[in-house]
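Contents: one structure, followed by commentary.
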Amino acid sequence: LSPNVNLAARLESATKMYGVNVLMSASFYGKLSPAVPTACRLVDRVCLKGSSIPMGIYTCDRSNALWVSQKAIDKYGHEAVIDEFQKCFEEGMDAFVAGDWGGSKALFEKALSICPRDKPSQRILMHMDTPDNHPDFGLATTPFVAPEGWPGYHILLSK
């Protein structure tokens, strides 16, 4: 089978790990019409099993149920609460990739204060912790400090 079939199968399998209904490769995301990406977000930068090329993986929150806390709605308002969540998540992901894991932690915690059940936020926080605290997830030697030489992505080993 083609590498594209393997990629699709790996992304479909990873939906369970990220707690989302759909995952897209960066290549697919780049082909979306201009209106669609506004509801999409980068949820990780990985090398998939069997690949040596790092890539971003995205989800579309139109297909995921984002549960927003009433406290966040009261604070940001019905119109702005999702925008605030998306802003926090995007800035947190940028900081994660850049190796500013302390800053990323604060932003993902803020995102979780808005959408407490968001699995991608929870997953990245576990990646920034140690394997002792989060076996099979932790990438750090010191909690929330990027490893020396952090390349901005990690290996996603499961199929």
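The values are calculated or read from the model by the stated rules, or taken from the named source; none is laboratory data. Every value quoted in this text rests on a predicted model; they were computed, and no experiment measured them. All Cβ positions, glycine included, derive from the backbone under ideal geometry; neighbour counts span all protein chains shown. Accessible surface areas use protein heavy atoms only, side chains included; no ligands, DNA or RNA. Shrake-Rupley method; radii C 1.70, N 1.55, O 1.52, S 1.80 Å.
Could you give me the ³J(HN,Hα) list for region 92-104, computed from phi with Karplus coefficients 6.51, -1.76, 1.60 and θ = phi - 60°, whole Hz, x at Gly and Pro?
Calculated HN-Hα couplings, in order: x, 5, 4, 5, 4, 4, 6, x, 8, 6, x, x, 4 Hz.
Which of rounded, prolate or oblate describes region 1-62 when judged by the alpha-carbon gyration tensor and an a/c cut-off of 1.5? Let's see the in-between values first.
Working: a/c = 1.78, a/b = 1.45, b/c = 1.23.
Prolate.
Rank these by accessible area, largest first, 1.4 Å probe: Ser121, Ser52.
On the way: Ser121 0, Ser52 100 Å².
The ordering from most to least exposed comes out as Ser52, Ser121.
Roughly how big is region 25-89's charge dipole about its Cα centre, with Cβ charges of +1 (Lys, Arg) and -1 (Asp, Glu), in debye to the nearest 20?
Values: 8 positive and 6 negative charges, 54 e Å.
Computed charge dipole of region 25-89: roughly 260 debye.
Which FRET efficiency value, to the nearest 0.05, do you get for Ala106 and Ala9 by plugging their Cβ-Cβ distance into 1/(1 + (r/R0)^6) with R0 = 41 Å?
The value I calculate is 0.70.
Let me know the shape class of region 56-112, please: from the alpha-carbon gyration tensor, a ≥ b ≥ c as square roots of the eigenvalues, rounded when a/c is under 1.5, otherwise prolate if a/b is greater than b/c, or oblate. Walk me through the intermediate numbers first.
Working: a/c = 2.63, a/b = 1.44, b/c = 1.83.
Since a/c reaches 1.5 but b/c is at least a/b, the shape of region 56-112 is classed as oblate.
Assuming R0 = 35 Å, what is the FRET efficiency of Arg117 and Ser27, from their Cβ-Cβ distance, to the nearest 0.05? Can you show the working numbers first?
On the way: r = 29 Å, r/R0 = 0.83.
Efficiency for this residue pair is about 0.75.
I'd like the GluC sites (Glu not before Pro) in region 20-91 restricted to DSSP loop residues with at most 13 other Cβ atoms within 10 Å, sorted by number. Don't skip to the answer; put the middle values down first.
Working: sites: Glu79, Glu84, Glu90, Glu91; in loops: Glu79.
Listed in order of number, the matching sites are Glu79.
Could I have the simple spin-label model distance between Leu66 and Ser51, label points 7 Å from Cα toward Cβ, reported in nm to one decimal?
2.5 nm
Show Thr15, Thr38 ordered by accessible area, largest first, where the area counts protein heavy atoms only and the probe is 1.4 Å. The partial results should precede the final answer.
On the way: Thr15 15, Thr38 95 Å².
Largest accessible area first, the list is Thr38, Thr15.
Separation between the Thr142 and Lys75 pseudo-spin-labels, each 7 Å from Cα along Cα→Cβ, expressed in nm?
2.8 nm
Quick check for you: with a 1.4 Å probe and neighbouring chains kept, what is the accessible area per residue of region 103-159, in Å²?
Details: 2990 Å² over 57 residues.
Dividing the accessible area of region 103-159 by its residue count gives 52 Å².
Using θ = phi - 60° and the Karplus curve 6.51 cos²θ - 1.76 cosθ + 1.60, what whole-Hz ³J(HN,Hα) does each residue of region 6-12 get, with Gly and Pro shown as x?
4, 4, 4, 5, 5, 5, 4
If ligands, DNA and RNA are left out, what is the accessible area of Tyr58 with a 1.4 Å probe, given in Å² to the nearest 10?
Counting only protein heavy atoms, the figure is 40 Å².
Using a probe of 1.4 angstrom, how much of the accessible area of region 112-159 is carbon and sulfur, in percent? It would help to have the intermediate numbers written out before the result.
Numbers: 1450 of 2650 Å².
Solvent-exposed carbon and sulfur of region 112-159 make up 55 percent of the total.
Take the cross-link list Lys16/Lys119; Lys49/Lys105; Lys87/Lys119; Lys75/Lys110; Lys71/Lys110 and give me the ones stretching past 18 Å between alpha-carbons. Walk me through the numbers on the way to the answer.
Numbers: Lys16/Lys119 10 Å; Lys49/Lys105 26 Å; Lys87/Lys119 16 Å; Lys75/Lys110 12 Å; Lys71/Lys110 12 Å.
Pairs exceeding the cut-off: Lys49/Lys105.
Quick one: grab the alpha carbon gyration tensor of the chain, order the square roots of its eigenvalues as a ≥ b ≥ c, and give me rounded if a/c is under 1.5, else prolate or oblate depending on whether a/b is larger than b/c.
Numbers: a/c = 1.86, a/b = 1.15, b/c = 1.62.
Since a/c reaches 1.5 but b/c is at least a/b, the shape of the chain is classed as oblate.
Counting only protein heavy atoms and using a 1.4 Å probe, what share of the accessible area of region 1-55 belongs to carbon plus sulfur, as a whole percent? Before the final figure, lay out each step's value.
Details: 1930 of 3100 Å².
Reported share for carbon and sulfur atoms: 62 percent.
In whole Å, how far is the Cα centre of region 92-110 from that of region 41-60?
17 Å
Using a 1.4 Å probe on the protein heavy atoms only, what accessible surface does Thr142 show? Give it in Å² to the nearest 10.
Looks like 70 Å² after rounding.
Sequence gap at least 6, Cα distance under 8 Å: using those rules, report the relative contact order of the chain to the nearest whole percent. Kindly include the intermediate steps, with their values, before the conclusion.
Values: 235 pairs, mean separation 36.1, N = 159.
Once divided by the residue count of the chain, the mean separation gives 23 percent.
What residues have an amide H closer than 5 Å to that of Cys47, excluding those fewer than 5 places away on the same chain, when H is modeled at 1.01 Å from N in the peptide plane?
For Cys47, the qualifying residues are Met55, His154, Ile155, Leu156.
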